[in-house]
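Trainee: Next up is a structure, given as structure tokens.
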Amino acid sequence: MYRYLSISIFYIFLFSPLVLNGTNFSTPNYSSIKKDYKITLSEDYSYEIEINQVTTINDKNGLSHASYHFIIDQFTSLDNFEVKIIDPFNEKTIKKIKAKDLQERDLITSGNIYQDLTLKQFNLQSSSFPVRVEMKVKLRKSGNFYFPTWRPQNNYHQKVEQARLEVIYPESLGIRFKTQHFEGTFDTNFIGENHTLVWTINDLAPVAEDTEETDLSKITLAPEKFGMDGFEARMDTWKNFGLWFHQLNKERTKLPDAFKQELHEMVKGVDNSIEKIEILYRYLQKNYRYVSIQLGLGGWRPMESEEVLSKKYGDCKGLTLFMQAMLSEVGIPSDYTLVKAGEDPTFDEDFPSNQFNHAILRIKSGDKKYWLECTSSHLPAGFLGSFTRNRKVLVITPEGGEVDQTPTYSDPDFNTTVFNSSILLQQNGNAAIKGTLLQKGFPAEITVMKTYDKKEDEITNLFNGQIGGNGLIINDISLDKKIEWQDIQTQINFSGMVQRYYKSTGKRIFIPISWHTWEPNLKNTSEVYMEEVNIKKHRSLNTESIPPSLSITEDNYELKMEIIIDDENILIKKQIQFTDTDRLSEEEQSELLIALNKKIQGELVFTKQ
């Protein structure tokens with residue numbers, strides 16, 4: 001579902017993002033590496049990358065450490081590639097590989113239709129170890145819009161004997177840099193019109209796969225002044241960076257007069273701005289489809305709005321700019337906005353650089369802000385969804401870039417699941433069940449996505465696992481949806497049979513407190529779960545033991561549970577409110593759920609009359 005502004009932003013070439021300046025000598029060492037990496041920037045904004053690298057593979061687990069991958073596009077050429085595979089025992093060359101020997105294929109990712117990315121790769125094959133791979137590479141980039149992030153280590157379980165980065169650039173263009181966990185040496189000198197920066201590090205121990213990204217060593221580079229395909233600008237501030245994108249988008253929102261008349265007819269008689277936004281947003285969703293376009297400057301520059309109109313498709317940039325053009329025509333101003341979409345919302349506000357992979361739209365109305373996800377076919381207008389919520393963004397205005405924040409959506413209306421069920425116990429241990437599963441906000445978004453274009457039997461199979469536990473057989477199911485301004489809700493209505501719902505002995509009956517499947521999304525900021533299960537007894541029963549009511553407040557959740565029993569019914573009520581669980585690591589989230597589930601497990605024990 002990721003909609004990239006430019007695939008090449010993320011797949012510069014070979015390197016895996018892995019290094020830590022630690023000394024965990026217990027980590028297995030599959031390879032060792034020596035590498036020299038040189039970047040030379042020219043006055044015309046082009047730059048050259050030279051890589052000289054020697055990798056010694058110790059065993060078969062390190063074979064992938066000598067695999068090299070390069071992404072070639074309109075702005076990138078591979079000028080030289082040489083590999084020698086050497087037996088380190090006798091120093092004999094086993095094999096030589098040139099650029100013509102590289103495997104090559106077009107890089108097509110899910111949802112991409114138009115792109116000019118070519119993957120060139122070399123994969124080492126060897127049955128004897130150790131083996132040494134010596135590589136020399138020369139790449140040329142025609143624009144300095146971005147530089148690759150440099151990391152001393154290419155892989156986990158890799159020892160660095162020495163790693164060196166040299167950057168040469170003209171003073172007139174400038175380069176900025178930022179280091180993370182780099183504990184080597186740094187030198188700089190100035191000769192003529194050029195600056196030279198050199199970082200060197202020696203003897204890095206291998207790191208394991210569970211090393212956090214924030215603990216890895218890296219050097220991030222960004223230009224002060226840059227150019228791409230004839231467009232020049234500065235990147236030293238977010239304001240200046242945003243001016244470049246405004247320049248790219250300028251004059252691309254023109255619409256034909258006939259279509260302008262259609263737009264005014266769509267909103268005729270509507271005075272409320274929100275209603276106008278909803279009408280045009282639904283029109284966009286119904287009539288235009290998303291594709292990804294990665295041709296040359298198209299990785300950053302939107303299609304012209306007239307082209308989106310005629311072709312009935314566009315990428316995130318094109319659809320967003322087209323929506324902006326439609327709103328402008330009916331008197332609603334809006335701002336094209338760049339965002340890093342996906343599960344990782346990290347944004348370095350202190351280091352202006354290209355950190356984005358998606359485009360959305362911001363609408364300001366007085367002191368209120370509304371946001372539109374223009375590639376979605378299912379979200380309501382004014383609701384971004386989980387893809388881009390709660391993160392910093394760069395809003396593009398005629399005055400330049402402006403850092404803003406998307407909504408956190410922490411209100412319970414965006415994070416609530418309510419499960420209600422009526423259960424009738426039967427003599428054989430089974431139970432008839434009828435119930436509803438109401439979801440609001442993000443839980444509903446997931447349901448709508450999973451059921452989009454699905455047939456009735458596929459929906460039944462999907463929710464059979466989501467609603468119940470072992471033994472559930474759904475006989476009847478329906479899905480109701482409510483999708484309107486900033487509000488998305490789903491309700492699953494179902495009925496069926498639960499096999500072996502309770503256990504029965506000669507004198508006792510054991511009924512579970514928690515039966516159905518429950519998987520909260522702790523990546524949301526404030527997930528709320530409410531459950532009410534009404535169990536109708538099939539015979540007269542005496543209460544032998546029931547767990548006590550609970551009211552527990554912990555750092556990341558509040559739990560309330562109550563069990564009420566009368567002559568005919570057993571009512572089990574639960575409410576769980578999570579707080580700030582999105583800040584926990586996956587391991588911490590898992591531990592929290594295990595601890596919480598233990599608190600809501602158990603059985604109700606009754607004796608038969």
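Trainee: Just checking: which of the strands (runs of 3 or more DSSP E) contained wholly in the stretch 503-609 hold 3 or more residues that are farther than 16 Å from residue 422 by Cα? First the steps, then the outcome.
Mentor: On the way: elements: 508-512, 528-536, 541-545, 550-553, 557-565, 569-578, 603-608.
Passing ranges, in order: 508-512, 541-545, 550-553, 557-565, 569-578, 603-608.
Trainee: I've got another one for you. Residue check: is residue 529 open to solvent by less than 40 Å² (accessible area, probe 1.4 Å), under 22 Å from residue 437 (Cβ atoms), over 39 Å from the mean Cα position of the chain (by Cα) and not small (Gly, Ala, Ser)? If you could, list the steps in order and put the result at the bottom.
Mentor: Working: open to solvent by less than 40 Å² (accessible area, probe 1.4 Å): yes; under 22 Å from residue 437 (Cβ atoms): yes; over 39 Å from the mean Cα position of the chain (by Cα): no; not small (Gly, Ala, Ser): yes.
Here the answer is no, as residue 529 does not meet what is asked.
Here is a yes/no grid of residues against (1) in a loop (DSSP other than H, G, I, E, B); (2) open to solvent by 10 Å² or more (accessible area, probe 1.4 Å); (3) touching a helix residue (DSSP H, G or I) at 6+ places or on another chain (Cβ under 8 Å):
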position	(1), (2), (3)
377	yes, yes, yes
382	yes, no, yes
387	yes, yes, no
404	no, yes, no
410	yes, yes, no
420	no, yes, no
423	no, no, no
427	yes, yes, no
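Trainee: Something else: Does residue 202 satisfy being polar (S, T, N, Q), in contact with a strand residue (DSSP E or B) (Cβ under 9 Å, 6 or more places away or on another chain) and in contact (Cβ under 8 Å) with a residue 40 or more places away in the chain?
Mentor: Yes, satisfied.
Trainee: Name the pairs whose Cβ atoms lie under 9 Å apart, with the first residue in the stretch 181-193 and surrounded by 14 or more Cβ atoms within 10 Å (Cβ to Cβ), the second of a type in the set (Gly, Ala, Ser), and 6 or more positions between them or separate chains?
Mentor: Listed by first residue and then by second, the contacts come to 181/22; 181/217; 182/217; 184/163; 184/217.
Trainee: Let me ask something else. Return the total of residues in the stretch 314-340 being in a loop (DSSP other than H, G, I, E, B) and under 20 Å from residue 220 (Cβ atoms).
Mentor: Looking only at that region, the number is 1.
Trainee: Here is a list: 169, 146. Which entry is within 21 Å of residue 225 (Cβ to Cβ) and modelled with pLDDT of 95 or more? Don't jump to the end; show me each part of the working.
Mentor: Values: 146 fails: modelled with pLDDT of 95 or more.
Selected residue: 169, the only one of 169, 146 that is within 21 Å of residue 225 (Cβ to Cβ) and modelled with pLDDT of 95 or more.
Trainee: Give me the residue from the stretch 33-77 that is surrounded by fewer than 21 Cβ atoms within 10 Å (Cβ to Cβ), small (Gly, Ala, Ser) and within 17 Å of residue 135 (Cβ to Cβ) and, out of that set, modelled with the highest pLDDT.
Mentor: In this case the residue turns out to be 64.
Trainee: OK, next. Hey, does the stretch 256-265 have a residue that's at pLDDT 95 or above, out of contact with any Asp or Glu (no Cβ under 7 Å at 6 or more places or on another chain), more than 20 Å from residue 356 (Cα to Cα) and of a type in the set (Lys, Arg)?
Mentor: For the stretch 256-265, residues at pLDDT 95 or above, out of contact with any Asp or Glu (no Cβ under 7 Å at 6 or more places or on another chain), more than 20 Å from residue 356 (Cα to Cα) and of a type in the set (Lys, Arg): absent.
Trainee: Identify, from the list 523, 573, 560, the residue that is open to solvent by 20 Å² or more (accessible area, probe 1.4 Å), among the basic types (Lys, Arg) and closer than 30 Å to residue 505 by Cα.
Mentor: Sole residue among the options that is open to solvent by 20 Å² or more (accessible area, probe 1.4 Å), among the basic types (Lys, Arg) and closer than 30 Å to residue 505 by Cα: 573.
Trainee: Checking residue 522 against (1) modelled with pLDDT of 90 or more; (2) touching a strand residue (DSSP E or B) at 6+ places or on another chain (Cβ under 7 Å): exactly one of these is not met. Which one?
Mentor: (1)
Trainee: From the residues in the stretch 309-338 that are free of Cβ contacts under 8 Å to residues at least 40 places away in the same chain and surrounded by 24 or more Cβ atoms within 10 Å (Cβ to Cβ), which one is farthest from residue 255 (Cα to Cα)?
Mentor: Within the stretch 309-338, the match that is farthest from residue 255 (Cα to Cα) is 314.
The values are calculated or read from the model by the stated rules, or taken from the named source; none is laboratory data. For clarity, every value in this text was computed on a predicted model and none was experimentally measured. With ideal geometry, Cβ positions are generated from the backbone for all residues, glycine too; neighbour counts draw on all protein chains shown. Accessible surface areas use protein heavy atoms only, side chains included; no ligands, DNA or RNA. Shrake-Rupley method; radii C 1.70, N 1.55, O 1.52, S 1.80 Å.
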